[in-house]
Amino acid sequence: MLNVERKLEILESYPQLQRKNVSLGRVNFHYEDSAYEKKIVALHIHPNGNGYIYAGLLPNYETDAKGFVNIRDYSEADLRTLLDATIEAMSHNPDAADVVEQVPAEKKSVPVTLSSGGGIWINDEGHTLTLKYDNDMWCVYAGQELEMAFESRGEAGEYLQEEGFRPQGQAQA
């Protein structure tokens, strides 16, 4: 088991991570260039050697409900492997790239282009809704009020289409 000083040295050796001291002598490390809203890579690195690394985007790690792995008994090699994989995974968000999704034919076979920032959706009467990625969810807002929240952009786009909305600037079908 690595002591806390060695864990901190390893974390500080990653120039893309920013150290943030928190309560009770614990330290977090943030990845500000994350392609996701999630920025915390290392959580509560404690003076007793306990701590957590985010692995919620990685397939081969058992995580807690928030996507973190306990690194108390990790070796340096295991810790670096996990950190490298986490930073790589957080660097590329496939949902953030422009995506064209095909809505099933029984609904409408109009391809919908969804941009990385969500955006304004409009219906035939001129009403608008805003699609925005917020707190790890795709949220649909009517003005300032949250109308619906979805885990994926595809679900949000499908809902908006079912309600008669299309991205602003897209021609009517």
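A few remarks follow.
- Matching entry among F68, F29 (being modelled with pLDDT of 90 or more and either in the same structural domain as S152 (by TED's automatic domain parsing) or in contact with a Lys or Arg (Cβ under 7 Å, 6 or more places away or on another chain) (or both)): F29
- Strands (runs of 3 or more DSSP E) within segment 85-173 that include 2 or more residues at pLDDT 80 or above: 119-122, 128-134, 137-142, 145-150
- Selection of segment 58-81 for residues being among the hydrophobic types (A, V, I, L, M, F, W, C), part of a loop (DSSP other than H, G, I, E, B) and surrounded by 19 or more Cβ atoms within 10 Å (Cβ to Cβ) yields only I71.
- Residue check, K20 under 30 Å from E158 (Cα atoms) and not assigned by TED's automatic domain parsing to the domain that holds W138: no
The values are calculated or read from the model by the stated rules, or taken from the named source; none is laboratory data. Since this is a predicted model, take the numbers as computed values, not measurements. We place every Cβ from the backbone using ideal geometry, glycine too, and count neighbours over all the protein chains shown.
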